[in-house]
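Have a look at the structure below before the remarks.
The values are calculated or read from the model by the stated rules, or taken from the named source; none is laboratory data. Keep in mind that what you see is a predicted model, and the values were worked out from it rather than measured. In case anyone asks, the SASA skips ligands and DNA or RNA and just uses the protein heavy atoms, side chains included. Shrake-Rupley method; radii C 1.70, N 1.55, O 1.52, S 1.80 Å.
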Amino acid sequence: MNHLVLSINVDHVATLRNARGGHFPDPVAAAQRCIAAGAEGITIHLREDRRHIRDRDVERMKAEVAAPLNLEMAATEEMVAIALRVMPHAVCLVPEKRQELTTEGGLDVLNAGPGLAEAVKRLAGAGIRTSLFVEADAAPIERAAALGAACVELHTGTYADAAPGDRAPILARLRAGAAIAVGAGLECHAGHGLDYGSIGGIAAIPEVTEVSIGHFLISQSVFEGIENAVRRMRALMDAARGG
Ligand SMILES: CC(=O)[C@@H](O)[C@H](O)COP(=O)(O)O
Ligand SMILES: NCC(=O)COP(=O)(O)O
């Protein structure tokens with residue numbers, strides 16, 4: 001089967017750093033270790049409230065990590081300006097609520113105002129691979145293609161949070177969504193909440209070409225080290241992909 005790219009989200013290294021207000025642990029150093037261990041990209045989410053990743057982290061990540069940088073952000077004027085200045089390899093536009101603990105679902109692409117279309121146009125026009133974080137339904141996926149996005153990232157949080165015995169219908173919806181995305185000419189990515197137990201189902205979807213995984217792997221690093229956690233995830237992905 002085709003290769004599945006693993007992009008590690010290091011947001012929660014910054015969460016730990018910010019807990020004490022200093023410089024340790026450094027999310028850039030963590031990202032470098034992930035790449036050395038076999039990850040192929042780094043994802044960071046610059047939130048409007050800067051609760052974990054901060055502006056300087058975005059700049060350093062671009063300058064100091066030799067791997068494609070995927071910047072997750074809301075489609076606001078402030079964030080678009082930052083992306084156009086830093087020029088990450090990729091931007092994934094996500095919904096964002098200040099009160100949420102984490103991203104709760106896909107973008108409401110169908111009811112989005114002109115700001116979303118304008119953001120896609122400016123980012124894609126600057127040569128940044130632009131993705132929309134969506135639920136695995138035909139309407140938002142097809143609208144993402146119509147807006148000129150290069151990719152969609154399917155929200156896997158509902159699948160990952162479900163009990164293993166309840167996952168089959170959710171996985172079937174993700175599988176169908178991935179086929180719709182590719183049929184619409186989009187690259188199909190997936191992410192949110194994935195762990196060692198849930199990655200197999202997603203990695204086995206051939207249309208999915210990239211996954212981003214963060215909270216679980218950074219947490220698991222406490223027990224087995226970040227390099228081992230990345231290697232183990234990579235091995236599970238490869239096994240699900242058929243070697
Ligand atoms: C868009 C997405 O799925 C996320 O992973 C998001 O970046 C998570 O944000 P937090 O890292 O703040 O939970
Ligand atoms: N886009 C998903 C992501 O970056 C990581 O999400 P999570 O594994 O931290 O839930």
Requested in this report: Could you run the Karplus curve 6.51 cos²θ - 1.76 cosθ + 1.60 with θ = phi - 60° over the stretch 41-49 and give me ³J(HN,Hα) per residue in whole Hz, x for Gly and Pro?
Outcome: x, 10, 10, 9, 10, 8, 7, 4, 8
Requested in this report: Please arrange D161, D108 by accessible surface area, largest first, computed with a 1.4 Å probe and ligands excluded.
Outcome: D161, D108
Query raised in the report: Relative contact order for the chain: what is it in percent, counting Cα pairs under 8 Å that are at least 6 residues apart?
Result: 21
Query raised in the report: Near the amide H of E187, under 5 Å away, which other amide H atoms are found, from residues 5 or more places off or on another chain, if H is placed in the peptide plane?
Result: C151, V152
Requested in this report: Starting from the Cα-Cα distance between E77 and R232, subtract it from 0.36 nm times their residue separation and give me the gain in nm to one decimal.
Outcome: 51.9 nm
Query - Portion, in percent, of the accessible area of the stretch 5-241 that falls on carbon or sulfur, probe 1.4 Å - result: 56
**Report entry** Alpha-carbon radius of gyration plus Dmax, which is the widest Cα pair, for the stretch 135-243 in Å
**Finding:** 14.2, 44
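Could you do me a favour and compute the accessible area per residue for the stretch 5-241, 1.4 Å probe, result in Å²? Mind showing how you got there, number by number?
Details: 9990 Å² over 237 residues.
Result: 42 Å² of accessible area for each residue.
Give me Rg over Rh for the stretch 39-194, both radii from the alpha carbons and Rh done the Kirkwood way, two decimal places. Kindly include the intermediate steps, with their values, before the conclusion.
Values: Rg = 15.1 Å, Rh = 15.8 Å.
Radius of gyration over Kirkwood radius for the stretch 39-194 works out to 0.96.
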